[in-house]
1. Take residues that are under 21 Å from the mean Cα position of the chain (by Cα) and tell me which of the helices (runs of 4 or more DSSP H) falling wholly in region 369-488 contain 3 or more.
2. Pairs under 8 Å by beta carbon, first residue touching a residue at least 40 places away in the same chain (Cβ under 8 Å) in region 240-262, partner within 13 Å of the ligand (Cβ to nearest atom) and open to solvent by 50 Å² or more (accessible area, probe 1.4 Å), six or more apart or different chains?
3. Among the residues of region 26-70, which ones are more than 7 Å from the ligand (Cβ to nearest atom), small (Gly, Ala, Ser) and either touching a strand residue (DSSP E or B) at 6+ places or on another chain (Cβ under 9 Å) or under 12 Å from Ile446 (Cβ atoms) (or both)?
4. Any idea how many residues of region 137-161 are under 18 Å from Ser25 (Cα atoms) and near the ligand (Cβ under 9 Å from one of its atoms)?
5. Failed condition for Thr237, given (1) farther than 26 Å from Pro483 by Cα; (2) in a strand (DSSP E or B), with all others met?
6. Counting only residues that are more than 27 Å from Ala441 (Cα to Cα) and open to solvent by 40 Å² or more (accessible area, probe 1.4 Å), how many does region 394-420 have?
7. With the condition being on the phi < 0 side of the Ramachandran plot and open to solvent by less than 10 Å² (accessible area, probe 1.4 Å), I'd like the helices (runs of 4 or more DSSP H) fully within region 258-356 carrying at least 2 qualifying residues.
8. Among Gly129, Gly186, which is more than 24 Å from Glu474 (Cα to Cα), open to solvent by 20 Å² or more (accessible area, probe 1.4 Å) and either more than 12 Å from the ligand (Cβ to nearest atom) or modelled with pLDDT of 95 or more (or both)?
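The values are calculated or read from the model by the stated rules, or taken from the named source; none is laboratory data. This structure is a prediction, so every number in the text was calculated from the model and none was measured. Cβ sites come from the backbone with ideal geometry, for glycine too, and all protein chains shown count toward neighbours. Heads up: the accessible areas ignore ligands, DNA and RNA and are worked out on the full protein's heavy atoms, side chains in. Shrake-Rupley method; radii C 1.70, N 1.55, O 1.52, S 1.80 Å.
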Amino acid sequence: MNAVHGANPLRDAADRRLPRIAGPSGLVIFGVTGDLSRKKLMPAVYDLANRGLLPPGFSLIGFARREWQDEDFADEVYQAVKQHARTPFREEVWQQLSQGMRFVQGNFDDDEAFETLKKTMDELDQAQGTGGNFAFYLSVPPKFFPVVVQQLKKHGLAEEKGDSWRRAVIEKPFGHDLASAKDLNGIVHEVFSPDQVFRIDHYLGKETVQNILALRFANTLFEPIWNRSYVDHVQITMAEDIGIGGRAGYYDGIGAARDVIQNHLLQLLALTAMEEPASFDADALAAEKTKVLGAVKLPKDLGKSTVRAQYAAGWQGGARAVGYLEEDGIDPQSKTDTYAAVKLEIDNRRWAGVPFYLRTGKRLGRRVTEIAVVFQRAPHSPFDHTATEELGQNALVIRVQPDEGVTLRFGSKVPGTSMEVRDVSMDFAYGESFTESSPEAYERLILDVLLGDANLFPRTEEVELSWKILDPIEQYWDRHGKPAQYESGTWGPAEADEMLARDGRSWRRP
Ligand SMILES: NC(=O)c1ccc[n+]([C@@H]2O[C@H](COP(=O)([O-])OP(=O)(O)OC[C@H]3O[C@@H](n4cnc5c(N)ncnc54)[C@H](OP(=O)(O)O)[C@@H]3O)[C@@H](O)[C@H]2O)c1
């Protein structure tokens, strides 16, 4: 094995098949009683422990306003793990993990609570050997990001002493436009240096998203045709079949484009369209993503190349669904988009003239996220027109979720005496090709934070460039009329179909 290095002996090991195990450390979760923490973060911590990827003395500190003791907190984590963990429950893992659990009660503006937090961290350094290494996970409503970061500074908690590290993990949304994202970056970087900040875009933690890079750059098959000479257009879809649920307070005023396109879909676009990075180091990856996001161009006529809409009542999964404006907590005059579709272009040699269509929406036909690279038709066909009537365009579809995998669609002869060509599919499914199941995105991302591995976290520049792309669209929508409507359970508004029809194309029905 390679030489041991710092607090993280396996990180630099040449053999990448060895497990990446976090060194001595702890995680502080602000907003630990919240939805995200219970459903995703607590189970992810347990799953990491169960997989043997956390150090023996790993510590978990919860921070929120409830009047809880450490035991109440541990009990809450236990319930969350029992309900939501991916891996089986093992008593010995739980016993070890629960020894390092503490709860700190307080408001975010409460100085005394932050002093208690400091003492708790010191105590854990002694009792659990965390070595002063702590990550602060801000799983809190976005308006509290600044105050928590400033409190960490005020109480000396962001300071890295000796060899120890301190890191900040910030949930989405990172700002609501370019100006607010810049303000937030300013506040965060007054306290933490760029390499201490980990902005969560949980899509980047998904195996299928990381596989975009493997597919493109570990093979010879795809890259030669991954350009304007062969690709007709690209469609990136994130469709949800649910409505806003109980999240009216968060969603209204934000909408689909800010909630999904600004972060997840533009990150998927960047990974699909970027050039090959010099290496898979965080710096090299960020450089290529930044370059391609910087080359994204909005079409001149935003009225024709963007669509926003709201779901109206309809049927979904056999049940009657109410329209967005009838949902609890939504202003009946709200103009918030629950569906957004945009056409983007990329101004560079590889992609000039190839549209990237991005769409996302709630209460659509099915829950699916996919990237479809649609190829040009063959330049010449020796077959009769009638023989190829049912032939579509070749497509490579990266299925991000569910049914994770890749599909290649191409034409094939229909068995029989005549020459008739029709579309067929060749499929790779994760579930069939690999025995191990994919870790949850949050497992991967929390582990990466503890390892200090920043590959899967968008940088300041990427976040700001994404807002720069979205801001003019949001401003255009603010100035122009109301969102269109679409029936719940369908694939979106007619206006979105018309947008593609004008280009002689149509949306895929995944
Ligand atoms: N939920 C999701 O699926 C999801 C998905 C992606 C991103 N996110 C992001 O993740 C973050 C957390 O979301 P969430 O849905 O978990 O939020 P949430 O359910 O509203 O939880 C908020 C947490 O913050 C605490 N809190 C609120 N005000 C506080 C104050 N003044 N002082 C101390 N604690 C306070 C609450 O604790 P007490 O009320 O117990 O004090 C609670 O633990 C947000 O940034 C959200 O945008 C969430």
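1. On the way: elements: 430-433, 441-451, 460-479.
Fully inside region 369-488 and qualifying: 441-451, 460-479.
2. Qualifying pairs under 8 Å: Tyr250/Pro141; Ile254/His176; Arg258/His176.
3. Hits for region 26-70 are Gly26, Ala44, Ala49, Gly57, Ser59, Gly62.
4. Within region 137-161, residues that are under 18 Å from Ser25 (Cα atoms) and near the ligand (Cβ under 9 Å from one of its atoms) number 1.
5. Here Thr237 clears every test but (1).
6. Number of matching residues: 11.
7. Working: elements: 266-273, 282-294, 302-305.
Counting at least 2 such residues, we get 266-273, 282-294.
8. Working: Gly186 fails: more than 24 Å from Glu474 (Cα to Cα).
Checking each option against the conditions leaves just Gly129.
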